[in-house]
Every structure is written in C-alpha cells, then in structure tokens.
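The values are calculated or read from the model by the stated rules, or taken from the named source; none is laboratory data. Small disclaimer: the values here were computed from a predicted structure and weren't measured. Counting neighbours? That spans all protein chains shown, and the Cβs are built from the backbone with ideal geometry, glycine included. The accessibility values were calculated without ligands, DNA or RNA, using every heavy atom of the protein model including side chains. Shrake-Rupley method; radii C 1.70, N 1.55, O 1.52, S 1.80 Å.
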Amino acid sequence: MRILLVEDESAIADTVLYALRAEGFEAVHCLTGGEALREAGRMSFDLAVLDVGLPDIGGFALCRELRRERDLPVIFLTAQNAEADRILGLEIGADDYVTKPFSPRELATRVRVVLRRAGGNGNGGTAAAAEPEPGFAHDPEGKRIRYRGQALDLTRYEYGLLAALLQRPGAVLSRAQLMDRVWGDALDSGDRTVDTHIKTLRAKLREVDAEADPIRTHRGLGYSLDNG
C-alpha cells in the first residue's frame with residue numbers, strides 16, 4: 001500500500017514516515033501541495049495524509065484536487081482545538097482526522113483502519129495489493145523484518161535468528177551454526193536457547209498468519225526457513 005504524506009514540518013514528517021514504514025506501508029513525503037499534485041500525477045496512492053495548514057495550496061483545496069479524478073481516502077492533520085477545520089474536513093468527505101500533537105503509531109493504526117474500511121484498495125490500485133504479501137521482507141540496515149506485509153516486533157536474538165535463516169532460505173542450519181551466527185561468544189547459552197527462540201518466533205509468525213509455519217524442524221539436524 002502506498003501512502004502520500006503532505007506535511008511541511010520535516011520533524012513531524014520524519015516520525016510519521018518511520019511509523020508508516022514500520023507497519024509495512026510504502027510512504028512518499030511532500031512538503032507542499034504543489035509537490036503532492038506532481039507526485040500524484042506520476043504514481044497512484046492508496047491513501048493521503050494531508051496537513052490542513054500547508055503553505056501553498058492548503059489541505060482542503062489539495063484534497064479536492066487529488067479527488068478530482070480518483071476515489072482517494074484522506075486523513076487530515078489539524079491544529080489543536082481547530083474545531084472549524086475538523087467540521088469542514090468532515091463536510092468535504094474526510095475519512096478521519098488527527099489533532100496535533102499526535103502519536104505517529106496511532107496515526108499509522110488509523111491509516112490501516114481507513115484502508116480496511118475502504119476495502120483496502122484506495123484509489124484503484126491493483127486488487128492484489130489488498131492481499132497479504134507473500135513471505136518475508138528483510139531490511140538489514142534498519143534491522144527490521146516484515147512477514148506477509150506486517151512488521152514483526154522482534155527481540156535482538158529473535159531478529160538475529162530469523163535473519164540467519166533468511167540468508168539461506170531452504171538450507172538446513174544446525175543449532176551449533178545458529179548459535180555461532182546469532183549468539184557468538186555468549187558462552188552461557190546452549191542448544192535449548194535456539195529451540196526456545198524458535199518457539200517464540202513461531203508464535204509471532206502465527207499472529208500474522210495462523211495457518212502458516214515457515215520454519216521447518218529437521219529432527220537431529222536443525223532448522224530451515226521456507227520464504228514462500
């Protein structure tokens with residue numbers, strides 16, 4: 001899902017972008033309404049998050065322009081106690097509004113709720129975009145892993161274990177190999193440590209997809225990962 005964020009305060013935008021991307025969304029940030037219209041002209045978006053107080057076009061006018069040729073869900077960001085803005089936003093068809101200051105994680109949750117309410121297909125993106133994404137997506141630099149489009153909340157060792165398995169999908173890695181790659185010189189850890197973390201990993205993966213079990217146990221040998 002691709003989200004258009006139009007916010008002229010870079011500090012706010014940075015926290016929102018981080019929260020959206022952590023939830024598995026693709027997010028594009030624009031500082032002005034004019035820049036947003038140019039981006040919307042060259043790519044499609046599933047939802048827009050618009051600051052009401054933009055320096056050029058303004059959030060409400062931008063909303064009208066963005067919706068001129070597409071059915072686009074919109075969430076407005078409004079100033080604290082700006083009741084008139086909220087009323088006007090709802091009158092022109094806003095799907096939701098968030099009052100500053102706000103929690104970026106709450107905003108990301110509201111984005112997901114609005115997309116679900118809209119059928120998950122916003123402004124006419126492909127139907128496949130609404131389906132759960134297959135397999136894993138690994139961001140080594142950010143040390144983040146997504147499963148079927150959802151960000152996983154992993155501990156340090158859970159992340160290391162899953163990342164090690166992802167490096168060689170389908171290959172069987174022994175407990176000793178996993179201990180060496182993930183726990184390194186943690187001499188007080190044993191083979192049961194690997195088994196325990198595999199168990200917690202499986203539980204977290206089942207929270208995303210109750211039917212899937214991509215981690216395979218090979219009795220007497222170790223573990224492998226199916227990234228299908």
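So here's what we get for this one:
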{"quantity": "Cross-chain or 6+ apart pairs with Cβ under 6 Å, region 107-118 first and open to solvent by 10 Å² or more (accessible area, probe 1.4 Å), then of a type outside the set (A, V, I, L, M)", "calculated": "Arg110/Asp96; Ala118/Pro73"}
{"quantity": "Filtered residue count, region 165-178, keeping only those that are surrounded by 18 or more Cβ atoms within 10 Å (Cβ to Cβ) and either over 13 Å from Asp226 (Cα atoms) or free of Cβ contacts under 8 Å to residues at least 60 places away in the same chain (or both)", "calculated": "2"}
{"quantity": "Filtered residue count, region 1-38, keeping only those that are more than 25 Å from Ala79 (Cα to Cα) and more than 13 Å from the chain's Cα centre (by Cα)", "calculated": "1"}
{"quantity": "Single condition Met1 does not satisfy, out of (1) of a type outside the set (Lys, Arg); (2) surrounded by fewer than 14 Cβ atoms within 10 Å (Cβ to Cβ); (3) modelled with pLDDT under 90", "calculated": "(2)"}
{"quantity": "Residue list for region 94-106, filter: under 11 Å from Thr78 (Cβ atoms) and either in a helix (DSSP H, G or I) or open to solvent by 70 Å² or more (accessible area, probe 1.4 Å) (or both)", "calculated": "Tyr97"}
{"quantity": "Exclusive hit being of a type in the set (Lys, Arg) and more than 30 Å from Arg148 (Cα to Cα), set Arg64, Arg42", "calculated": "Arg64"}
{"quantity": "Breaking point among (1) open to solvent by 30 Å² or more (accessible area, probe 1.4 Å); (2) not in a strand (DSSP E or B), for Ala137", "calculated": "(2)"}
{"quantity": "Test for Gly58: is it modelled with pLDDT under 90 and more than 21 Å from the chain's Cα centre (by Cα)", "calculated": "yes"}
{"quantity": "Only listed residue being within 28 Å of Gln150 (Cβ to Cβ), open to solvent by less than 60 Å² (accessible area, probe 1.4 Å), touching a Phe, Trp or Tyr at 6+ places or on another chain (Cβ under 8 Å) and not polar (S, T, N, Q), chosen from Val16, Val28, Val52", "calculated": "Val28"}
{"quantity": "Yes/no for Glu39 being of a type outside the set (A, V, I, L, M) and open to solvent by 70 Å² or more (accessible area, probe 1.4 Å)", "calculated": "no"}
{"quantity": "Residue within region 156-168 that is under 18 Å from Thr217 (Cβ atoms), within 28 Å of the chain's Cα centre (by Cα) and outside any helix (DSSP H, G or I) present", "calculated": "yes"}
